[in-house]
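Participant: Take this structure first; my questions come after.
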Amino acid sequence: MHSINTGILFRMVNPIKSVHQSSRIRSKSKLPSGRRGIQKILISGIILFPGILLGCNIAPKPPPATVSAIDVSFAWEYKAGDYIRSVPVIHNGALYVGSDDNGLHAVDPESGEYKWMYPTGDNVSSTPEFWEDQMVFGSWDGNLYALDIKTGEDTWVFETGGWVSASPLLDENIIYIGSQDGVLYALDVHNGAELWRFNTGGRIESSAVVQGDLVYVGSTDGYLYALDKSNAELVWSYDSGGEIKSSPIVDGESLYFGSTDRQLYALDALNGQLLWSYEVGQSIEGSPAINEGILFAGANDGWLYAIQSGTGELVWEVPFESMIRSNPVTWDNMVFVGDDSGGLTALDTQTGEVGWRYQTGGAITAGPYIHDGMLYAGSLDRRLHAFKLKRVESAAETQSTPKIGDNQ
């Protein structure tokens, strides 16, 4: 594991100024491959340190690396019994993360020390939801578990007809959870009683989202569904043409999601009308993120895209060594994302300039998580990696275009 100086890892290839008059921002020209953009940055994949190849997890603890006006430094790592492909979350002083060792782990967020593990019958890729002193999460054994945080005992268990790989959503004392049996369930949070169910034509692999009176969920049948959250009545549906494995996000009156048909979609959240779509090179499996009017989405073509949320116009795009199934997350003026090569990368949200990269020993398929100045990311190397984020006082903060610094 190690931090990587971007001066080593990235080099420019045929920089061309776009309509924004910047050689660091790609134009929207369509490539022959069907993916839009002009090649700008190439990850070279060379030897990083003597005897250490990209992808190996054998380097010593990395030194801090300055990203714009942010200092990123390694804090700790926690080893689970198998792959970690869930997004971690912190609640009341404990960090929770699922693993393919069939357990939900509770870890000290400051030190990475083990607290406890709750065993289930299969993999846990679900992120818990919380209320009062309770939590609820799903397992690939098909069950949704509600636990008393103080005692670690389950208060109720709800059985679905398929794997529960998605994360539950809590809204007004109702839990919404999708299962790979193709059903979206609404449950009473206090006792797990089923309030209603809605059948889709495919698997539900991602989480639902609620906005106002509507609950939205995608399915591998290709449809994005908007339901009346009180009774599961269908309000509208949109056929994407491919499987929907990413969770939708709602910003204002617009809804955004990706599909395996290689499109990133923007819909009117109230009536489902298409506002715009943007085509990429391969499937979009991860959920997009939005910050200051810019959408960030990774794709299986190995590119991270930044797109204007209001118009669908490309702001920039940056290639990675492998596909991006991880959900991006933003903090300050940086966007963090993992990829299947095991890299965790920070980029400037406005320019796409890469400022920092950390190499784990396995693919990062779930999104990183940021809380209280700490960055956490799980990997298929069976480890949860933690870093400290710190804003640093420097002259760079006063510059109109912050510069990416070298490793300190």
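The values are calculated or read from the model by the stated rules, or taken from the named source; none is laboratory data. Only a predicted model underlies this, so the values are computations on that prediction, with no experimental measurement involved. Here the Cβ positions follow ideal geometry from the backbone for every residue, glycine too, while neighbour counts run over all protein chains shown.
Participant: Have a look at 326, 246, 309 and point out the one that is under 28 Å from residue 194 (Cβ atoms), surrounded by 20 or more Cβ atoms within 10 Å (Cβ to Cβ) and either in contact (Cβ under 8 Å) with a residue 12 or more places away in the chain or touching a helix residue (DSSP H, G or I) at 6+ places or on another chain (Cβ under 9 Å) (or both). Write out each step before concluding.
Facilitator: Numbers: 326 fails: under 28 Å from residue 194 (Cβ atoms); 309 fails: under 28 Å from residue 194 (Cβ atoms).
None of the others qualify; the one that does is 246.
Participant: Does segment 44-60 contain at least one residue that is of a type outside the set (Asp, Glu), in a loop (DSSP other than H, G, I, E, B), surrounded by fewer than 17 Cβ atoms within 10 Å (Cβ to Cβ) and at pLDDT 95 or above?
Facilitator: No, every residue in segment 44-60 fails to be of a type outside the set (Asp, Glu), in a loop (DSSP other than H, G, I, E, B), surrounded by fewer than 17 Cβ atoms within 10 Å (Cβ to Cβ) and at pLDDT 95 or above.
Participant: What pairs come up if the first residue lies in segment 365-389 and is closer than 13 Å to residue 325 by Cβ, the second is of a type in the set (Asp, Glu) and crowded, with 24+ Cβ neighbours inside 10 Å, and their beta carbons are under 6 Å apart, counting only those six or more places apart or on different chains?
Facilitator: none
Participant: Considering segment 276-301 alone, what residues qualify as being over 13 Å from the mean Cα position of the chain (by Cα), closer than 17 Å to residue 252 by Cα and in a strand (DSSP E or B)? Steps first, answer last, please.
Facilitator: We begin by selecting, within segment 276-301, every residue over 13 Å from the mean Cα position of the chain (by Cα); these are 276-283, 291-294, 300-301.
Checking which are closer than 17 Å to residue 252 by Cα leaves us with 276, 291-294.
Result: 276, 291, 294.
Participant: Are any of the residues in segment 225-234 on the phi > 0 side of the Ramachandran plot and among the hydrophobic types (A, V, I, L, M, F, W, C)? Steps first, please.
Facilitator: Let us first name the residues in segment 225-234 that are on the phi > 0 side of the Ramachandran plot, namely 232.
Next, only the ones that are among the hydrophobic types (A, V, I, L, M, F, W, C) stay: 232.
Looking through segment 225-234, at least one residue is on the phi > 0 side of the Ramachandran plot and among the hydrophobic types (A, V, I, L, M, F, W, C).
Condition check ((1) in contact (Cβ under 8 Å) with a residue 60 or more places away in the chain; (2) surrounded by fewer than 22 Cβ atoms within 10 Å (Cβ to Cβ)) across all residues:
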{"site": "264", "(1), (2)": "no, no"}
{"site": "271", "(1), (2)": "no, yes"}
{"site": "277", "(1), (2)": "no, yes"}
{"site": "280", "(1), (2)": "yes, no"}
{"site": "291", "(1), (2)": "no, yes"}
{"site": "295", "(1), (2)": "no, no"}
